[in-house]
Structures are given as structure tokens and as C-alpha cells.
């Protein structure tokens with residue numbers, strides 16, 4: 001038997017729970033709730049559904065024990081619907097319906113429900129509308145569920161307290177045991193094992209789901225360092241010459257006219273106008289994936305970033321420069337920032353009348369920063385950890401600071417050729433909320449040599465180099481040259497505020 005932490009499930013380099021668990025639906029991460037990691041699966045609102053699922057599967061032919069702390073809210077008679085521990089082999093981002101027996105919309109799953117609502121078809125009808133625990137399973141027909149155990153009535157657990165929950169499986173005896181607050185509540189023999197209820201699969205994702213309908217409660221689950229105990233032997237580690245160590249990378253991203261900063265701090269310019277892949281990182285957070293696309297356009301003799309969109313998992317977050325300072329979550333304008341993007345929190349700050357910023361917290365000390373100044377937009381990854389971006393590509397280059405083509409092998413030194421290589425393809429998903437400007441298969445528009453020369457001469461004629469240097473004197477030294485360039489190119493000393 002070996003023990004491992006759910007907080008670092010199968011990922012030795014992980015530093016946060018969200019690197020190993022997928023938050024689905026209305027789930028949000030809770031800071032400073034209990035020791036360990038806590039998630040609110042549903043807020044106290046009607047018609048909510050949320051889950052956390054493991055990114056990787058466990059072998060259900062082996063024994064296991066899961067422990068957690070559950071919070072079922074504060075409303076008893078008007079509270080609902082409960083939390084369920086589930087095993088399913090379908091997807092690490094499995095979704096489901098709200099209300100009632102919400103989990104019944106998940107096909108081929110084995111479920112332990114901690115139910116806080118009196119359902120008309122239940123076995124308990126003692127007039128107390130008791131909270132209860134039951135083992136069930138679902139079939140391939142949506143809404144179909146069946147009993148694996150009788151319902152066990154429990155005391156009211158919608159009491160504003162956390163309750164200890166434990167579920168264990170012994171394949172030798174074929175017994176599954178469920179305990180709440182240290183007392184055994186359900187024991188059931190599952191003849192033939194768990195796999196028969198998972199459409200014959202021997203490996204399963206695990207997770208906790210919750211939902212509300214017309215009645216609601218805040219429903220939460222927390223884990224500690226010993227939340228999972230597996231019966232099988234620990235996997236043999238792959239020998240390495242030295243332990244891997246994650247390092248903090250220099251800030252990288254794009255801003256202004258537009259200028260690009262690679263992971264090594266190297267800077268270059270690409271003045272094409274189109275949709276571009278700033279970052280492509282399919283391995284982020286154990287396969288959850290991350291993309292950053294930017295949209296650039298020409299105005300007069302210069303180009304700039306008008307908007308940028310971040311995708312993490314199935315969620316997108318988009319920001320556009322301009323007076324109205326709009327943002328979109330999953331292509332819905334002005335959507336509430338409360339739930340973040342795939343569970344990663346978003347904060348907003350108004351810097352002044354012309355500038356504001358959004359910060360997406362990666363929970364490992366790094367942030368993705370969107371900062372506007374007028375119509376201009378800057379996007380940076382600050383404090384990025386090498387283990388999260390080791391396989392990333394795009395206009396920020398790879399982690400070694402190389403301008404790598406899409407084939408991962410070819411190196412491209414010419415800036416224009418590199419920029420054109422990372423134009424968003426017609427076969428790639430449209431992450432922005434709308435279609436605008438040049439789109440593939442049409443190639444990015446590039447400024448002519450004459451317009452580049454005219455732009456530089458015009459800037460220098462209206463604002464002196466000395467004035468530009470003074471305007472940018474408070475900017476970080478690493479950004480000062482690009483700041484001066486933008487002040488000259490736009491004939492606007494206030495452009496220094498973008499940095």
C-alpha cells in the first residue's frame with residue numbers, strides 16, 4: 001500500500017491543487033478556508049452545478065481510500081442538493097445537469113451521494129426529511145440511476161460545519177464502506193467489482209460533484225496531504241541524472257507597436273496585422289492546456305495590439321483596449337469575474353482614466369497580466385515557472401529562447417518570417433468573441449519599407465529623442481527602449497503610461 005497527496009496527484013513537480021484537478025462548471029477555489037485545498041462546488045444560488053475531477057485515472061481493480069471534508073451549507077429545510085463522490089471513465093472535465101439527482105446525467109459512473117434533499121422516490125419517509133447517504137450507479141441512458149445500497153439516514157449536516165467523509169474499496173472482499181464523521185454509515189458488497197459500472201473500464205477518473213435546483217446551499221469540499229491511499233505498489237520512478245527543478249522565468253509577452261519579449265528576455269518586433277499565436281502550451285496543467293492569441297491592426301504608419309484572449313481548458317478570457325475597456329469570458333461581454341477562467345482567479349484594477357489591468361493568478365506565484373493604455377494592450381506572463389511552460393511555443397519562443405516553428409524543429413531567425421509562421425491558422429479555433437481584420441488563409445498584412453521609414457521620420461520630427469527619453473525615464477530599464485520607440489512612433493509622450 002502507498003499513500004500520496006491529492007494535492008499533488010501523480011505530479012511530483014506540482015505546487016497547487018489546480019495543476020492536478022479540473023474545476024468544472026460553477027466550482028471556484030477557496031483561499032484560506034482550511035488547511036489543504038478547498039473548493040466551493042456550488043455557491044448558494046439556484047440552478048448551479050460544479051465539480052472537481054482528477055486529470056489522471058486510478059486503477060479501480062486495486063483497493064483505495066479517499067478522505068475529505070465536506071461542507072453542505074447552513075440551510076436545512078430549504079437547502080439542496082448535496083455532494084457526490086464519483087468514479088467515471090468518460091472525461092476529466094465531465095459535465096452534468098443541475099438539481100435533483102444531478103449525477104444521473106453522467107453516463108457509466110459509480111456514485112456515493114451525500115444527499116441533503118428529500119426525493120420522492122427515496123426509501124426514507126420518516127417525516128424528518130432526513131439527509132442521507134447512498135451508493136448508486138448510472139448507465140448509458142441519461143437520467144438513469146440504480147441503487148447499490150439502501151439509503152442511510154444521517155443527522156442534519158447542513159449546519160455550517162465541515163464533516164469528515166471517507167470512502168474505501170476492498171477488491172478482495174468486494175466491499176465498499178462509507179463513513180461520515182468517524183462513523184460507518186454504508187457498507188455494500190459490489191459483486192464483480194467496480195469496472196462493470198464504468199462501461200468495462202479498469203481505470204477511472206475520480207471527483208466530487210454538487211448541484212442546486214430550486215433550493216440551494218454553498219457546498220464545498222476540502223483535501224489534505226493524505227486524502228488518497230492506494231493499495232497497489234507505488235510506481236517506480238524513472239531514473240534521472242539529477243532531480244528536476246522548476247525555475248522562475250523572466251517576464252515574457254507582447255506590448256505596444258508591437259514588441260515581443262521571449263522567455264529569455266530577448267526582444268524583437270513584428271509589425272504584421274492579423275490574429276497571432278503569442279503562446280501555445282498544450283501541456284499546461286497536466287494537459288488542461290493554455291493558448292494566448294493576440295489581434296493586431298494598422299493605424300496610420302504603425303500597428304498595435306487591439307485585443308488578446310487567454311484560453312485555459314475550456315474557458316476563454318478576452319480583453320480589448322479602448323475607452324469602454326470591455327472584457328469577455330467565454331465570449332460573453334462583461335461576464336462576472338468571480339469564477340475566473342477555468343478556476344484561475346481574475347482581479348481588476350483601474351490604474352487611471354486611461355489605463356486598467358486584469359491579473360490572472362496562476363496560484364504558483366505567477367500571473368498573466370493584461371494592461372491597457374487607451375487603445376493599446378499589453379499582455380505579459382510574470383513569474384512563469386519553467387515546469388509549466390517547458391513545452392510552450394509561439395511568438396514568445398520556447399523556454400530556451402529559440403524562435404521555433406510549428407514543427408518544433410525548424411529555427412526561424414527572420415522576425416517577419418517568424419511572425420508569419422505563428423499567424424492563427426484557419427484550422428485553429430476562433431478564441432476571440434468575433435471575427436475581425438485579416439484572417440487565415442489570407443496572410444498577415446506587413447508594412448512596406450516606405451511606410452516604416454515614414455513612420456520613424458514622422459515620429460522623430462514631432463517629438464524629440466530627448467523628450468521621449470524623459471517621458472520613459474521611470475520605465476523599467478528592460479522596457480525603456482521599446483517605450484521610447486512607441487513614444488516616437490505614436491507622437492504621444494503619454495504612451496509611456498503603457499509601461
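Structure summary
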{"read-out": "364, 164, 291 arranged by Cβ crowding within 10 Å, fewest neighbours leading", "value": "164, 364, 291"}
{"read-out": "Hydrodynamic radius by Kirkwood, which averages 1/r over all alpha carbon pairs of region 252-447, in angstrom", "value": "16.6"}
{"read-out": "Cβ-based exposure ranking for 311, 56, 185, 408, in which fewest neighbours within 10 Å come first", "value": "408, 56, 185, 311"}
{"read-out": "Computed label-point distance, nm, for sites residue 35 and residue 215 using a 7 Å Cα→Cβ extension", "value": "3.5"}
{"read-out": "For region 20-60 versus region 264-340, the gap between their alpha-carbon centres in whole angstrom", "value": "26"}
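FYI, it's all coordinate maths here, none of it is from the lab. Since the structure is predicted, the reported quantities are computational estimates derived from the model, not experimental observations. Counting neighbours? That spans all protein chains shown, and the Cβs are built from the backbone with ideal geometry, glycine included.
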